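Beneath this line is the structure, given in structure tokens, with notes to follow.
The values are calculated or read from the model by the stated rules, or taken from the named source; none is laboratory data. Just so it is clear, the model here is predicted, and its values are computed rather than measured. Cβ placement follows ideal geometry from the backbone for every residue including glycine, while neighbour counts extend to all protein chains displayed.
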Amino acid sequence: MVLAFLFFMTALLYACIGFGGGSTYNALLVLGDTDYQLIPIISLICNIVVVSGGVWHFSKEGHIRLPRIAPWIVFSVPASFAGGLIPVPEVIFTGVLGFALLLSGVRLLWPEREDPSFPNPKAPQHRFMPAIFGTLLGLLAGITGIGGGIFLAPVLHFIRWGNAKQIAGACAFFILVNSLAGLTGQALKIENTDVFSALSPYWILLPAVLVGGQIGSWLGAVQINMSMVKKMTALLILYVSIRLIMKFINML
């Protein structure tokens, strides 16, 4: 029940800013000594449940612009599938996830300056940026078993791709399609099908993230202070990242 509550709170906070929470689900499962092979599967399923609601709410409010996010999706989805197929030792998985979360948490605490004009013509632009970053972020998402939105958001903020809600909506859609691709790759990678039977004790996590994600997505799309939620989410990310890094050091 404690794990379900933590998943509920994670889904609520992350959904407010368009994320699925996969990175923190992974961290919580690693810290809870869950079977290493199950961790990406559980996290990605929870991700899909949460961001499906996010895509609906942000789209309903007009914050998702598919033609603009499509170039990133085209390159990230195949890379995410390929990343899910790559076998990664547990110690490397823990280390990569811990340091990636640390960087993401620090970046979320960094103040963003809003610009009324999007896209900003003075911001750095490159026609190959979606291909390069889409592929790299998709590959990293597939390997670590997350949707990749937590990596995409800082890039979109840096290039001033849109306002906070537009970026949140874009990340929600990015996470949804990459979670589906990554989950397919992760599932195909598992040779021992008996592992899937071990998923049943974790069913309680699905309603927890469903409820938390729906509440968070509605708040994020309609009426919440995005800056405040980003700071709260950043503190949560930094806490679990430090715990993961400590675990990683002990595994060396």
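Out of the residues in segment 186-205 that are at pLDDT 85 or above, surrounded by fewer than 21 Cβ atoms within 10 Å (Cβ to Cβ) and in contact with a helix residue (DSSP H, G or I) (Cβ under 6 Å, 6 or more places away or on another chain), which is nearest to residue 56 (Cα to Cα)?
204
From the set of residues in segment 8-53 that are part of a helix (DSSP H, G or I) and among the polar types (S, T, N, Q), which is surrounded by the fewest Cβ atoms within 10 Å (Cβ to Cβ)? Spell out the reasoning first.
Taking segment 8-53 and keeping what is part of a helix (DSSP H, G or I), we get 8-16, 22-31, 39-53.
If we keep only those that are among the polar types (S, T, N, Q) too, we end up with 10, 23-24, 26, 43, 47, 52.
Working: 10: 30, 23: 32, 24: 28, 26: 28, 43: 32, 47: 35, 52: 19.
Here the answer is 52.
Condition check ((1) within 17 Å of the chain's Cα centre (by Cα); (2) more than 19 Å from residue 208 (Cα to Cα)) across all residues:
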{"site": "22", "(1), (2)": "yes, no"}
{"site": "27", "(1), (2)": "yes, no"}
{"site": "37", "(1), (2)": "no, yes"}
{"site": "71", "(1), (2)": "no, yes"}
{"site": "79", "(1), (2)": "yes, yes"}
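Return yes or no: is residue 224 among the hydrophobic types (A, V, I, L, M, F, W, C), at pLDDT below 90 and not in a helix (DSSP H, G or I)?
Values: among the hydrophobic types (A, V, I, L, M, F, W, C): yes; at pLDDT below 90: yes; not in a helix (DSSP H, G or I): yes.
Judged against the criteria, residue 224 is a match.
For segment 143-180, enumerate the residues that are at pLDDT below 90, in a helix (DSSP H, G or I) and more than 19 Å from residue 16 (Cβ to Cβ).
143, 144, 155, 158
Any residue in segment 89-105 that is of a type in the set (Phe, Trp, Tyr), within 25 Å of residue 241 (Cβ to Cβ) and not in a helix (DSSP H, G or I)? Steps first, please.
Taking segment 89-105 as the starting set, the residues that turn out to be of a type in the set (Phe, Trp, Tyr) are 93, 99.
In the following step, the residues that additionally are within 25 Å of residue 241 (Cβ to Cβ) were identified as 93, 99.
Narrowing further to those that are not in a helix (DSSP H, G or I): none.
No, there is no match, as no residue in segment 89-105 is of a type in the set (Phe, Trp, Tyr), within 25 Å of residue 241 (Cβ to Cβ) and not in a helix (DSSP H, G or I).
Only one of these is farther than 21 Å from residue 190 by Cβ and not aliphatic (A, V, I, L, M): 14, 25, 36. Name it. Reasoning before the result, please.
Working: 25 fails: farther than 21 Å from residue 190 by Cβ; 36 fails: farther than 21 Å from residue 190 by Cβ.
Answer to the selection: 14.
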